[in-house]
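Trainee: Got a structure for you, questions after.
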Amino acid sequence: MPQRIDGSGETIRFTFEGREIAARAGETLAAALIAAGETTTRASVVSGAPRGPYCMMGVCFECLVEIDGVPNRQACMIVAEPGMSVNRQKADEVAA
Amino acid sequence: MNGYDVVIVGAGPAGMACASEACSAGLSTLVLDEQPRPGGQIFRDIEVSDRKRRALLGKDYGEGARIAGAFRASGAEYVPGAVVWNIDSAKRIDYSAGGRSHSVEAKSLVVATGAIERPTPMPGWTLPGVTTVGAVQILFKTSGIVFEDVVLVGSGPLLWLAATQLIAAGSPPKAIVETVPKARYREAARHFGKALPAWRYLAKGFAMMRAVKKAGVPVHRDATDIAIEGETVAAAVTFAAGGRRQRIETAHVALHQGVVPNQQITRLLNCQHRFDESQRAFLPVVDESFETSVPGVFVAGDGAGIGGAKSAEMRGRLVAMRIAEKAGRPAGEAAKLRAEIAKDAAVRPLLEALYAPSADILSPADTTMVCRCEEITAGQIREAVALGAPGPNQVKSFLRAGMGPCQGRMCGLAVSEIIAAAKGETPSTTDYYRIRPPLKPLLLSELAGLGAEEPREAAE
Amino acid sequence: MTNRTADLVVIGGGIHGCSAALQAAMRGLEVVVIEKDTVARHASGVNAGGVRRLGRAYAEVPISQRSMEIWHRIEELVDDDCGFQRAPQIKVAETDADLRDLKDRAAHLRAMGFEHEVVLDRDELRAHLPAVSEHCVGGLASLEDGFALPYQTTFAFQRKARSLGVRFAENCRAQQVERIGSDFRVTTERGVFTGRKLLNCGGAWAGEIARQLGEPVEVEPTAPMMLVTSRMPRFCSAVVGNQSRPLSFKQMQNGTVVIGGGRRGRALPDTNVSELIFSELRQTAETAMAIFPIMRQATIVRSWAGIEGRMPDGIPVISPSSTEEGAYHAFGFSSHGFQLGPGVGEIMGELVATGATNAPIAPFAITRFTPGP
């Protein structure tokens with residue numbers, strides 16, 4: 001499991017697939033999800049295979065999630081905010 | 001629309017230093033950067049990391065605080081969270097910030113978008129839990145996140161740096177699986193003498209290797225045929241080394257085969273590029289002041305060829321000096337800076353020879369997925385070539401390779417290498433995808449709202 | 001420099017050049033295609049892929065019908081399905097005035113003897129397009145049209161032609177065209193090609209070839225802009241246009257949505273560069289969202305523009321040369337040539353091989369641009 005080397009910092013909460021996730025204020029959704037052990041953030045639109053954050057710098061587009069109903073958002077580029085409702089981007093929702 | 005003497009895209013060491021120098025020459029300067037805070041990837045979150053984290057990340061990371069401080073004090077306009085999605089031939093820049101698009105015009109454009117990690121296609125590299133080594137570092141820098149079981153796989157200085165940082169944090173990697181062939185050390189050794197002027201890098205390298213040894217991290221050298229196993233997430237990494245097949249169980253694998261210039265903007269602007277055999281990557285063609293073949297478009301930092309953070313800072317300053325000089329402003333002493341840049345670069349031939357990408361990565365097996373977005377395999381690319389598709393753009397049109405949301409960033413170099421090998425030509429001849437806007441995906445509704453500028457700009 | 005001789009030299013490796021070369025080869029001619037870049041480099045490889053009879057200039061309807069017949073059996077011709085999907089083409093009316101214009105057109109076509117365009121009332125429109133905006137009042141449809149993948153199609157024509165012996169000289173720009181005795185000689189940057197017959201399929205670059213043949217015409221280079229979204233839930237199985245605003249809209253099998261329709265970017269044919277003009281493309285985005293409200297959720301992943309040639313009257317030149325016997329033209333398709341490719345290729349193959357055709361190509365004569373006496 002991932003660990004945090006320092007315990008300090010303000011904590012905010014958002015939900016991922018309905019589960020409450022704690023994030024440090026100012027960190028990205030992807031970092032908070034990885035810290036919480038959630039490495040799968042989307043399903044491939046081609047095969048449905050699970051995918052997760054790969055580059056953490058906005059390049060690979062593997063961490064696409066749906067945030068408050070808006071699809072195709074990059075979890076590694078968006079700072080977690082209190083109350084966000086985040087869901088995996090599912091293959092059957094984006095293509096038949 | 002607002003206009004600036006200089007618009008800089010990217011707030012890493014090159015962009016920040018360029019902005020500081022441009023401002024001190026009296027040039028109106030705007031910096032656009034995707035991240036919420038300056039630093040780029042190398043100095044990610046330098047302004048907010050605490051003393052403890054900085055100590056763990058090492059002295060070179062701390063250097064970023066000085067550069068960022070000067071940048072903040074420079075007077076440059078700075079828009080964080082700005083996603084540049086188009087630049088046209090008149091240097092009009094469209095960017096998205098705060099949920100809507102804005103446009104600015106630049107007399108000179110500085111592309112300071114740095115480097116991305118080289119695509120590393122191998123079996124299982126799309127499984128959740130597999131990341132780049134850079135991603136591991138970013139998680140550490142921004143959130144203090146470490147993994148007790150991470151296995152670092154590949155080659156390059158970053159592999160050793162990440163290992164050292166994780167060791168310092170008390171969470172050493174489970175293993176290092178290095179792909180550098182044994183013979184490479186002999187080949188690279190001939191560059192050793194020439195690298196001595198940059199002895200600090202060599203000393204740092206040896207120190208990192210000693211730290212790994214002292215921490216007792218298992219290092220598997222000359223590894224080949226690497227694969228990541230797992231059903232829905234990564235479960236193990238397997239490889240051949242020491243004459244036998246080996247398997248290490250882990251849920252976290254970090255891959256690295258060096259970094260390469262991020263070409264998206266220079267390709268979009270139709271700047272000339274060349275394939276550099278030593279860096280094994282496409283570089284924009286630049287003059288001694290890092291101006292591209294498109295007048296007024298400069299590349300500062302790793303985007304013009306990998307040189308590292310220190311070089312990026314110096315190159316950023318040099319670019320600003322040249323822009324100031326062209327604008328008739330007082331400019332600093334360029335000759336001395338050029339000499340410094342050259343001295344700093346003395347270590348590159350050694351590093352490039354030693355850490356050249358592994359053969360397995362350049363020539364993946366037919367069944368290995370190369371384009372992650374559209375799930376196109378190396379075999380499909382070779383088949384398209386056999387049918388007569390002459391280059392990357394035809395392969396893209398035919399197979400959809402490079403057509404997904406990453407817009408070819410994660411497969412482009414691998415696709416060019418595979419086509420070049422299949423046709424028996426150099427990547428220079430094969431060339432690369434044409435890059436089309438938007439540079440990053442854009443909401444249709446945001447495009448529809450384009451041009452409805454805010455009153456402040458409309459009044460000008 | 002090598003001398004090569006063929007029965008027919010085709011200038012231009014787009015859909016029309018490849019299709020005509022294939023048809024000429026099927027008639028036993030020895031053919032060489034010379035192409036300044038690579039096959040399908042410009043509009044033929046990157047157009048919106050509409051296979052549309054709907055809404056064509058009346059003069060084009062008969063040849064478009066003929067081409068459509070080939071599209072429906074395209075795999076038999078080129079051994080590749082070209083990604084062709086049969087689908088309705090529908091032009092949406094946003095106002096009653098638009099719908100009246102569409103009804104008039106359908107009546108005109110019926111008088112010409114063509115029944116393929118049918119008027120859709122409000123409910124019928126929704127039966128075909130459940131996601132269409134509430135305000136749309138009806139439409140005009142051609143139900144047996146469709147769409148295809150442009151690069152795959154042009155590449156398939158090239159491969160089939162090559163399998164029948166057609167040679168392709170790519171990265172080989174035609175610099176000079178001249179008549180030498182009974183032959184045409186084409187001087188290129190990679191040597192000289194001679195042929196008994198010459199076919200100009202040069203697209204945006206065809207005007208220069210016509211000029212060298214002594215029949216100058218004005219071919220305006222244009223770059224119609226297109227964009228594609230990331231994958232979306234399936235909501236549209238027709239290709240959709242609009243009666244009063246430029247639009248070409250389709251959802252591909254994989255869920256991506258391709259939107260074009262004629263807003264033009266900047267075409268720079270000398271450097272092969274086309275540049276997007278987003279202040280123009282903005283209107284395309286607006287129109288798409290107006291017709292399909294679901295598009296407010298759409299994300300654009302790429303936009304592009306292929307360079308092609310537009311004639312002053314908006315219809316192509318499909319014609320024997322008026323100055324040099326044995327020379328022919330098929331160019332200037334003015335942003336709607338993709339569907340015509342298979343049919344016009346067949347007509348040109350016939351013309352080149354036999355010197356005549358029954359196809360009604362008189363409206364496309366190059367002489368229509370000749371200044372009067």
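Every number in this text was worked out from the coordinates using simple rules, so none of it is lab data. All values derive from a computational prediction rather than experimental measurement. For neighbour counting, all protein chains shown are included, and Cβ atoms are generated from backbone atoms with ideal geometry for every residue, glycine included.
Trainee: Counting helices only, and only those DSSP H runs with n ≥ 4, report the 222 nm mean residue ellipticity of chain B as the sum of -39,500 (n - 2.57) divided by its residues, in deg cm²/dmol to the nearest 500.
Mentor: Value at 222 nm, helices only, nearest 500: -10500 deg cm²/dmol.
Trainee: Around residue C:225, what is the net charge, scoring Lys/Arg as +1 and Asp/Glu as -1 over all other residues with Cβ under 11 Å from its Cβ?
Mentor: +3
Trainee: So how far apart, in nm, are the two label points at residue B:289 and residue C:144 if each is 7 Å from Cα heading toward Cβ?
Mentor: Result: 6.7 nm between the two label points.
Trainee: How high is the FRET efficiency between residue B:335 and residue C:196 when r is their beta carbon distance and R₀ equals 60 Å, given to the nearest 0.05?
Mentor: Calculated transfer efficiency: 0.35.
Trainee: How far is it, in nm, from the label point at residue B:47 to the one at residue B:89 when both lie 7 Å from their Cα along the line to the Cβ?
Mentor: Once both label points are built, they end up 3.8 nm from each other.
Trainee: A further question on this structure: Using Cα centres only, tell me the gap between segment C:209-271 and segment B:164-182 in whole Å.
Mentor: So the separation of the two Cα centres works out to 52 Å.
Trainee: Looking at the protein assembly as shown, what % of its DSSP beta bridges pair antiparallel, to the nearest 5?
Mentor: Around 65 percent antiparallel, to the nearest 5.
Trainee: Starting from the amide H of residue B:391, placed 1.01 Å from N in the peptide plane, find each other amide H under 5 Å away whose residue is 5 or more places distant or on another chain.
Mentor: HN-HN under 5 Å from residue B:391: empty list.
Trainee: Rounding to the nearest 10 and keeping the result within 0 to 90°, find how far the Cα-based axis of helix C:341-354 lies from the longest principal axis of chain C.
Mentor: Tilt of helix C:341-354: around 30 degrees.
Trainee: Answer with one residue from A:70, A:44, A:57: the one whose Cα lies farthest towards the positive end of the charge dipole of segment A:11-90, charges on Cβ with Lys, Arg +1 and Asp, Glu -1.
Mentor: So the residue furthest toward the plus end is A:44.
Trainee: Among C:135, B:256, C:108, which comes first, then next, by fewest other beta-carbon atoms within 10 Å?
Mentor: On the way: C:135 9, B:256 28, C:108 12.
Exposure proxy ranking, most exposed first: C:135, C:108, B:256.
Trainee: Once each part is reduced to its C-alpha centroid, what is the distance from segment B:346-370 to segment C:14-85 in angstrom?
Mentor: Spelled out, the Cα-based centre of one part sits 42 Å from the other.
Trainee: Could you state the per residue volume, in Å³, of the convex hull enclosing the Cα atoms of chain B?
Mentor: 147
Trainee: Order of C:324, C:76, B:21, C:117 from fewest to most other C-beta atoms within 10 Å?
Mentor: C:76, C:324, C:117, B:21
Trainee: Right, another one. Give me the inter-chain shielding for B:121-132: mean count of other chain Cβ atoms within 10 Å, whole number please.
Mentor: If you average over the peptide's residues, the count of other-chain Cβ atoms is 5.
Trainee: Taking the Cα centre as origin and putting +1 on Lys and Arg beta-carbons and -1 on Asp and Glu beta-carbons, what dipole magnitude results for chain B, to the nearest 20 debye?
Mentor: Here chain B has a charge dipole of around 1440 debye.
Trainee: Read phi for every residue in segment A:69-75 and hand back ³J(HN,Hα) as whole Hz from Karplus 6.51 cos²θ - 1.76 cosθ + 1.60, θ = phi - 60°, with x for Gly and Pro.
Mentor: x, 9, x, 6, 9, 7, 5
Trainee: Next question, about the same structure. If you line up the long axis of helix C:15-26 against the longest principal axis of chain C, both from Cα atoms, how many degrees apart are they, to the nearest 10?
Mentor: Once rounded, the angle reads 50 degrees.
Trainee: Further, regarding this structure: Per residue of segment C:171-185, what does 6.51 cos²θ - 1.76 cosθ + 1.60 with θ = phi - 60° give for ³J(HN,Hα)? Whole Hz please, x for Gly and Pro, Karplus curve as stated.
Mentor: The phi angles translate into 6, 9, 7, 6, 9, 9, 10, 8, 8, 10, x, 8, 10, 9, 10 Hz.
Trainee: Now for a different question. What is the extension gain from residue C:178 to residue C:108, computed as 0.36 nm multiplied by their sequence separation minus the C-alpha to C-alpha distance, in nm to one decimal?
Mentor: 20.8 nm
Trainee: What's the magnitude of the charge dipole for segment A:11-90 around its Cα centre, counting Lys and Arg as +1 and Asp and Glu as -1 at the beta-carbon? Answer in Debye, nearest 20.
Mentor: 140
Trainee: Going 7 Å from the Cα of residue B:107 along its beta-carbon direction, which residues of segment B:2-27 have the amide nitrogen within less than 18 Å of the resulting point?
Mentor: Within reach of a label on residue B:107: B:2-9, B:18-27.
Trainee: What number do you get for the protein assembly as shown when its Cα radius of gyration is normalised by 2.2 N^0.38 Å, N = residues?
Mentor: Dividing the Cα Rg of the protein assembly as shown by 2.2 N^0.38 Å gives 0.99.
Trainee: Any idea what angle helix C:278-291 forms with the longest principal axis of chain C, computed on alpha-carbon atoms, 0 to 90 degrees, nearest 10?
Mentor: 50
Trainee: Starting with the fewest neighbours, write out B:5, C:37, A:68 ranked by other beta-carbon atoms found within 10 Å of each beta-carbon.
Mentor: A:68, C:37, B:5
Trainee: Note down the net charge around residue B:377, summing +1 for each Lys or Arg and -1 for each Asp or Glu among other residues with Cβ under 14 Å from its Cβ. Mind showing how you got there, number by number?
Mentor: Values: positive: B:372, B:382, B:400; negative: B:366, B:374, B:375, B:383.
Taking every other residue near residue B:377 into account, the sum is -1.
Trainee: For residue C:281, what is the net charge nearby, where nearby means another residue's Cβ is under 13 Å from its Cβ and Lys, Arg count +1, Asp, Glu -1?
Mentor: Charge balance near residue C:281 sits at 0.
Trainee: Tell me, what HN-Hα J-couplings in whole Hz come from the Karplus equation 6.51 cos²θ - 1.76 cosθ + 1.60 at θ = phi - 60° for each residue of segment B:30-46, using x for Gly and Pro?
Mentor: 10, 10, 10, 9, 5, 7, x, 9, x, x, x, 7, 5, 10, 4, 6, 4
Trainee: Something else now. Among C:81, C:121, C:313, determine the one that fluctuates most according to a GNM of chain C built with springs between C-alpha atoms less than 10 Å apart.
Mentor: C:313
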